[in-house]
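Note sheet for the following structure.
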Amino acid sequence: MGLSIDEQKAVDRFRKDVVEPSRDKLVILDFWAEWCGPCKALTPVLEKIAAEYADKGVILAKLNVDEEQFIASQFQVRSIPTVYAMFQGQPVADLTPARTESQLRQALDALLAQLPVAGGDGEAQAPDIAPLVAMGEQVLAEGDAERAVGIFMQIAEMAPEDAGVQSGLIRALIAAGQVEEARTALNMLPDDLRKDPLVAQAAAALELAGSNVDQSELQGLRAAAAERPADMDAQFAWAQGAFAAGLREDAADTLLRMIAADPQWNEGAAKAKLLQIFEAVGLEDPWVSATRRRLSLLLFG
């Protein structure tokens, strides 16, 4: 792994104190230091809440950043106190903003409602992943693709057969520029899951991502389409490149103009591509609904 002896020892301690307990418990991981005044003020709050939630499967683990600098660096700790909730070896929530007992209770209650944490009786409840999926979709919609990938990967460990989770993971990988990883994730899914409409939507997005071009190529496609408005091949290439670059309005406008000019061109390729874009974006998306109305008016008047 390329680790020094001290780093390997740090990893072993972290695995024993945090990762292994988090297999079926929710671990509050507190990064602190002796010299940190806010850390000392937060410690009794964390200890009280951990004791209060012990019978629900919550435990507290404290990590001194001066003694465990390697682990702190792996979590990219920039200031302390930093507090994470850990489950099954992964951070599932940043609890740092929760500084009061009520805030911590609210955060823990939300996590315990979503995760299969074993309580005092040792029995785990089936996870309610819907709020986690919603969080991943929101992060993806906000443009933080890398974070969305991490979220969906964590959920996929809990619910690998969930179509919404796998669809979100594939679309997040595409948005993060990891097209080959997205293709691998899709190919690894069983056939019945790949036939699910949500996964099919992600597959359509993946197919469109295969036409991605860099900025210089994109400008060339734009220029060619502008110079040769009657050249259907140039228009089609520009539409594909535009959508892959996130310019879906430009792509749709171009394809609609092509359909208006010659709906049968190349066996209806422009309409087929526009329908593929609709599927990739999602048929319930407001933009898709509006653009479908434009297509209907064009075809049926």
Expected single match for of a type in the set (A, V, I, L, M), buried (at least 16 other Cβ atoms within 10 Å of the Cβ) and either at positive phi or modelled with pLDDT under 90 (or both) among ALA225, ALA163, ALA156, ALA182 is ALA156
For the range 189-215, which positions are polar (S, T, N, Q) and modelled with pLDDT under 85? SER211, ASN212, GLN215
Go through the range 244-286 residue by residue and tally those that are of a type outside the set (A, V, I, L, M, F, W, C), part of a loop (DSSP other than H, G, I, E, B) and in contact (Cβ under 8 Å) with a residue 24 or more places away in the chain. 3
Only residues that are of a type outside the set (Asp, Glu), within 35 Å of the chain's Cα centre (by Cα) and open to solvent by 80 Å² or more (accessible area, probe 1.4 Å): list them for the range 276-301, please. LEU283, PRO286, ARG292, ARG293, ARG294
If you scan the range 235-258, which residues turn out to be open to solvent by less than 10 Å² (accessible area, probe 1.4 Å) and of a type outside the set (S, T, N, Q)? ALA239, GLY241, ALA242, ALA251, ALA252, LEU255, MET258
Show me the helices (runs of 4 or more DSSP H) found entirely inside the range 126-238 where at least 2 residues are of a type outside the set (A, V, I, L, M, F, W, C) and within 24 Å of LYS271 (Cα to Cα). 197-209, 215-227
Being over 19 Å from LYS56 (Cβ atoms) and of a type in the set (Gly, Ala, Ser) is the filter here; which residues of the range 8-28 pass it? ALA10
Scanning for something in contact (Cβ under 8 Å) with a residue 60 or more places away in the chain, more than 24 Å from LEU297 (Cβ to Cβ), open to solvent by less than 30 Å² (accessible area, probe 1.4 Å) and small (Gly, Ala, Ser), does the range 205-221 turn up at least one residue? yes
The lone condition LEU198 fails out of (1) under 28 Å from ASN187 (Cβ atoms); (2) out of contact with any Gly (no Cβ under 7 Å at 6 or more places or on another chain); (3) without any contact (Cβ under 8 Å) to a residue 60 or more places away in the chain is (2)
Could you tell me which numbered condition GLY241 fails, if it satisfies all but one of (1) part of a helix (DSSP H, G or I); (2) over 18 Å from ALA204 (Cβ atoms)? (2)
Residue satisfying all of: in the range 21-70; among the basic types (Lys, Arg) and touching a residue at least 40 places away in the same chain (Cβ under 8 Å); farthest from LEU112 (Cα to Cα) among these: LYS48
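Can you say whether LEU221 is of a type outside the set (D, E, K, R) and in contact with a Gly (Cβ under 9 Å, 6 or more places away or on another chain), as far as the supplied structure shows? Let's see the steps before the verdict.
Working: of a type outside the set (D, E, K, R): yes; in contact with a Gly (Cβ under 9 Å, 6 or more places away or on another chain): yes.
Against the criterion (of a type outside the set (D, E, K, R) and in contact with a Gly (Cβ under 9 Å, 6 or more places away or on another chain)), LEU221 qualifies.
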With the requirement that a residue be small (Gly, Ala, Ser), under 32 Å from the mean Cα position of the chain (by Cα) and open to solvent by 10 Å² or more (accessible area, probe 1.4 Å), what does the range 1-36 give you? GLY2
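The values are calculated or read from the model by the stated rules, or taken from the named source; none is laboratory data. Just so you know, these numbers come straight off a predicted model, no measurement behind them. No Cβ is skipped: glycine too gets one built from the backbone with ideal geometry, and neighbour counts run over all protein chains shown. Heavy atoms of the whole protein, side chains included, go into the accessibility calculation; ligands, DNA and RNA do not. Shrake-Rupley method; radii C 1.70, N 1.55, O 1.52, S 1.80 Å.
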